[in-house]
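Participant: A single structure is presented below for examination.
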């Protein structure tokens, strides 16, 4: 069974989402001591500052070729997390089922990226339901249009011109895809981290996808956000007849299968989206983007940024490609 795309959201904390009317997003420049002269790595996936749900695309500003890269950290603090070493020995992805197995680390993706470029991350409404910085509520379930509008508002609030590199995980892949197709002039590169793709409808059975869509639209006090997957597929397919934009892209895919053995019996009934379907959709995503690389040997579950933060190198390559002058 394909996982609920919001699993990790209520298992772990996240960053405060900038309100739509905020004068600037929830980020600021780090002190000079956080900067690094090492420009050999350049990328962004800012969701690892805490063990957080990671379905939201993170926007990284493309480093300028004429000025030092700038880093940012969320106002909630630059606490960084990765998966503990022993967890890699698990045969499947059991992180969504436990509240342990992560630890603070200066090697997290956010920490690494923020040393050479400016990074901004945000929470979607209703993804933080506890703590001092509960995210903005809104009627649920909601359509992808609201998420794309929020992403656009955040990029505008940054006050820095694009184009941008978007790094998206899980459901965030659909947001990044639709934004890229409707605002291609704002996109310098894409990094898809085990991201959902509309190509799933091409490889999985119709009933399985319909059931998956229904499960992700459901809400509860612990999981307040509901998303319409099939509606997102339709809107992406209607936005552009061909893959767009033609920018540097990398796709990273999990290789630890879902722990379907831990699901309740009622969740296993009927046709299901399988892990094999997921891998097939990831391959089609890479092909549709013309990805410069599709990294499949990740030794990771769905939250790749927690399992293997060193895979930030793939993200760095995309940012570096956007900063390089065109070949003569």
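Participant: Would you pick out the residues in segment 154-184 that are assigned to a helix (DSSP H, G or I) and either under 21 Å from residue 228 (Cα atoms) or free of Cβ contacts under 8 Å to residues at least 24 places away in the same chain (or both)?
Facilitator: If the condition is that a residue be assigned to a helix (DSSP H, G or I) and either under 21 Å from residue 228 (Cα atoms) or free of Cβ contacts under 8 Å to residues at least 24 places away in the same chain (or both), then 156, 172, 173, 174, 175, 176, 177, 178, 179, 180, 181, 182 are the ones that fit.
Participant: If I filter segment 153-165 for residues that are out of contact with any strand residue (DSSP E or B) (no Cβ under 8 Å at 6 or more places or on another chain), on the phi > 0 side of the Ramachandran plot, at pLDDT 90 or above and surrounded by 15 or more Cβ atoms within 10 Å (Cβ to Cβ), do I get at least one hit?
Facilitator: Within segment 153-165, the subset out of contact with any strand residue (DSSP E or B) (no Cβ under 8 Å at 6 or more places or on another chain) is 153, 156-157, 159, 161.
From what is left, the residues that are on the phi > 0 side of the Ramachandran plot are 159.
Then keep just the ones that are at pLDDT 90 or above; that gives none.
There is no residue in segment 153-165 that is out of contact with any strand residue (DSSP E or B) (no Cβ under 8 Å at 6 or more places or on another chain), on the phi > 0 side of the Ramachandran plot, at pLDDT 90 or above and surrounded by 15 or more Cβ atoms within 10 Å (Cβ to Cβ).
Participant: Identify, please: which residue in segment 119-140 is at pLDDT 90 or above and exposed (fewer than 15 other Cβ atoms within 10 Å of the Cβ) and is, among those, nearest to residue 228 (Cα to Cα)?
Facilitator: In this case the residue turns out to be 139.
Participant: Tally up the residues in segment 257-281 that are closer than 15 Å to residue 303 by Cβ and buried (at least 22 other Cβ atoms within 10 Å of the Cβ), please.
Facilitator: Residues in segment 257-281 being closer than 15 Å to residue 303 by Cβ and buried (at least 22 other Cβ atoms within 10 Å of the Cβ): 2 in total.
Participant: Going through segment 73-98 one residue at a time, which ones are within 20 Å of the chain's Cα centre (by Cα) and either over 30 Å from residue 164 (Cβ atoms) or at pLDDT 75 or above (or both)?
Facilitator: Once the filter is applied, which keeps residues that are within 20 Å of the chain's Cα centre (by Cα) and either over 30 Å from residue 164 (Cβ atoms) or at pLDDT 75 or above (or both), segment 73-98 yields 93, 94, 97.
Participant: In addition: Could you tell me whether residue 147 is under 30 Å from residue 263 (Cβ atoms), at pLDDT 80 or above, crowded, with 20+ Cβ neighbours inside 10 Å and in contact with a strand residue (DSSP E or B) (Cβ under 9 Å, 6 or more places away or on another chain)? Don't jump to the end; show me each part of the working.
Facilitator: Numbers: under 30 Å from residue 263 (Cβ atoms): yes; at pLDDT 80 or above: yes; crowded, with 20+ Cβ neighbours inside 10 Å: yes; in contact with a strand residue (DSSP E or B) (Cβ under 9 Å, 6 or more places away or on another chain): yes.
The answer is yes for residue 147.
Participant: For segment 185-209, name all the residues that are touching a helix residue (DSSP H, G or I) at 6+ places or on another chain (Cβ under 9 Å), assigned to a helix (DSSP H, G or I) and surrounded by fewer than 16 Cβ atoms within 10 Å (Cβ to Cβ).
Facilitator: Of all residues in segment 185-209, those touching a helix residue (DSSP H, G or I) at 6+ places or on another chain (Cβ under 9 Å) come to 186-205, 208-209.
From the residues that got through so far, the ones that are assigned to a helix (DSSP H, G or I) too are 186, 200-203, 208-209.
Selection gives 202 alone.
Participant: Before we move on, is residue 284 surrounded by fewer than 19 Cβ atoms within 10 Å (Cβ to Cβ) and either modelled with pLDDT of 85 or more or part of a helix (DSSP H, G or I) (or both)?
Facilitator: Numbers: surrounded by fewer than 19 Cβ atoms within 10 Å (Cβ to Cβ): yes; either modelled with pLDDT of 85 or more or part of a helix (DSSP H, G or I) (or both): yes.
Taking the combined requirement at face value, the residue satisfies it.
The values are calculated or read from the model by the stated rules, or taken from the named source; none is laboratory data. Remember, it's a predicted structure, so these values are computed and weren't measured experimentally. Don't worry about glycine lacking a Cβ; one is built from the backbone with ideal geometry, like all the others, and counts go over all protein chains shown.
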